[in-house]
Structure formats: structure tokens, C-alpha cells
Amino acid sequence: MDKIASKTRRKASSASASNASRNKPAARPRIKPGTVKAKSLTRRATTAARAKAPAASPGQHLAREIARLTLNKKAFDVVILDLRGLSTATDFFVIASGATDIQIRAIRRAVEEGLQSKGIRAMHIEGEKNATWLLMDYSDVVVHIMQPRVRDYYNLEALWGDAPQEEVKD
């Protein structure tokens, strides 16, 4: 009798296990990167991130002030990339072009002096020696001042193609 009861218990437990597997939702199919479906999901995610992002943050005001300071020294192709929700490193990139290394250094000095008068100092500055690509880190805003050939080669705007862009002009 005990053998019969244990057999039925085993059958019942295996039946309930198979029912549980039937009631499980089917696994979602894996979406391959680069496909139309993956791109549409990325667009939806970035649109949702933009909707959640505040309209004008202190970082955005700082980015616009930096862009204005670069234009004072005749920088061209000045763009602000909004990286909120896309990057944990910084919230904004300010990307500007200067024709020569001398102009790039002048743009850096203008930004540095303009913000020092407001009590804002760069955490880190890189590229002063060659001045083909100069980087200034203000935590929430990272400034890239580049010569046109370097800017075309690295193409940060395409690299961060999901980020909303704001073109800044005089």
C-alpha cells in the first residue's frame, strides 16, 4: 500500500510541475542589436528619458554660458549635447571648433576666465600641449574644443547620436 501511495504522490508532483511550466509566460525573443526593432526601442527609451528630464537644470545653464563664452572668441560649429539619461559620466557636452591651436587656447582661456569670475573652476583640463583637442571637465558639463579635422575624425555628435542637440549661434 505504501508503494502505491508513494507512486501516486510522485505522479501528482510531476503533474503539478508540468502544469507550472505550462502557466509560465513564454520567454521574450532576444532582439538583435542594429535591427529596426532594436532601434525603435532605443528611440522610445530616449524619448521617455527626455520626457523625464527637467526642462532647464543648472548644468544646462552652465553649458549655455560656456557656449556663449566660446562664441566670444569666434569658435564655430558650437553644439550642446544633452546626455542626461544616456551617460553617467556627465550631463552635457559642449563641442566647439577652433581653426588653429592658438585659437583653441584662446577659447579655453575665455571659458576659464569667464567662469572663474563666477566662482566656477574646471576639475580637469587636458590637451593644452597639442591643442588639437582640448577638454575641460566641469563635472556636469564637459567642454570639447577641437580643430575641424579632429572633430570630423572623432565625430562625437554621431557617437552620441541619441542625444538631443542644441546648435548655438551668435
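Derivation of every value follows stated rules applied to the coordinates shown; laboratory data play no part. These figures come from a predicted structure and were not determined experimentally. Don't worry about glycine lacking a Cβ; one is built from the backbone with ideal geometry, like all the others, and counts go over all protein chains shown.
Before moving on, here are some points about what is shown:
- Checking Asp162 against (1) in contact (Cβ under 8 Å) with a residue 60 or more places away in the chain; (2) in contact with a Ser or Thr (Cβ under 9 Å, 6 or more places away or on another chain); (3) among the charged types (D, E, K, R); (4) surrounded by fewer than 11 Cβ atoms within 10 Å (Cβ to Cβ), the condition it does not meet: (4)
- Among the residues examined, Ala96 qualifies as in contact (Cβ under 8 Å) with a residue 40 or more places away in the chain, within 25 Å of Ala158 (Cβ to Cβ), surrounded by 17 or more Cβ atoms within 10 Å (Cβ to Cβ) and aliphatic (A, V, I, L, M).
- Subset of the stretch 101-140 [closer than 19 Å to Gln60 by Cα and either touching a Pro at 6+ places or on another chain (Cβ under 7 Å) or part of a loop (DSSP other than H, G, I, E, B) (or both)]: Ser117, Lys118, Gly119, Ile120, Arg121, Ala122, Met123, Tyr138, Ser139, Asp140
- Residue within the stretch 143-150 that is surrounded by 19 or more Cβ atoms within 10 Å (Cβ to Cβ), of a type in the set (A, V, I, L, M) and either out of contact with any helix residue (DSSP H, G or I) (no Cβ under 7 Å at 6 or more places or on another chain) or assigned to a helix (DSSP H, G or I) (or both) present: yes
- Filter pass, Ser57 being touching a helix residue (DSSP H, G or I) at 6+ places or on another chain (Cβ under 7 Å) and of a type in the set (S, T, N, Q): no
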